[in-house]
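A.B. asks: Take this structure first; my questions come after.
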Amino acid sequence: FFQSAAQSHGTSYWIERAQAAKKAAVVASDSGLPQADIRNQLDLLESNLPEADVRAAFDEICAQDRLGAVRGKTLRIFEGPGVAGHRIVMEQRLGSALWPSGMRYVRGVDLLQLIEAAMSHDQVPEGWAAYNASGAAVTLPDYLTALSTAFAAGFLEHGKK
């Protein structure tokens, strides 16, 4: 952002900010710490998981008599960057061995709320109704995409049948 503004405007104000941002990025990358993955609201629409994995998870959900969702073995919840309105904020994010950088939303569905609903209800329609009762309502296709993504990312697993 700062680099683009510096190139467009060429004033010392933007040039100084672009240099500071570049310097901060170098310091952060040299620290050896894992770098935050700020997606600029990308995960509000979708994840970067391979579509084939999400479709396979959906097919597995459809093949089950009951959902039987349990917490994924490698699921971890951590504080990470997110976007709220026009601000970058720290928020809880879900990560796993398959998706270590973490995510919070898929197609506008809050994955933290979805996981609670899915683990509490054995039937998908009941979980969807519970999710919609707890906050902003989402469409069934969005809920199913987010649910399939949660399984594909390892946030949820199928328990014993």
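A.B. asks: Look through region 51-76, keep the residues that are in a loop (DSSP other than H, G, I, E, B) and under 19 Å from P141 (Cβ atoms), and return whichever of them is modelled with the highest pLDDT.
C.D. replies: Among them, the one singled out is L67.
A.B. asks: Pairs needed: first member in region 88-106, without any contact (Cβ under 8 Å) to a residue 24 or more places away in the chain and over 20 Å from E51 (Cβ atoms); second member anywhere, among the aliphatic types (A, V, I, L, M) and part of a loop (DSSP other than H, G, I, E, B); C-beta distance under 9 Å; at least 6 residues apart or different chains.
C.D. replies: G95/L75; G95/A153
A.B. asks: If I go through region 120-130 residue by residue, how many of them are surrounded by 16 or more Cβ atoms within 10 Å (Cβ to Cβ) and either in a helix (DSSP H, G or I) or touching a residue at least 60 places away in the same chain (Cβ under 8 Å) (or both)?
C.D. replies: 4
A.B. asks: Any idea which of A133, A117, A137, A146 is more than 19 Å from the chain's Cα centre (by Cα) and either assigned to a helix (DSSP H, G or I) or in the same structural domain as V83 (by TED's automatic domain parsing) (or both)?
C.D. replies: Residue meeting the stated conditions: A133.
The values are calculated or read from the model by the stated rules, or taken from the named source; none is laboratory data. Owing to the predicted nature of the structure, the values given are computational and were not obtained by experimental measurement. All Cβ positions, glycine included, derive from the backbone under ideal geometry; neighbour counts span all protein chains shown.
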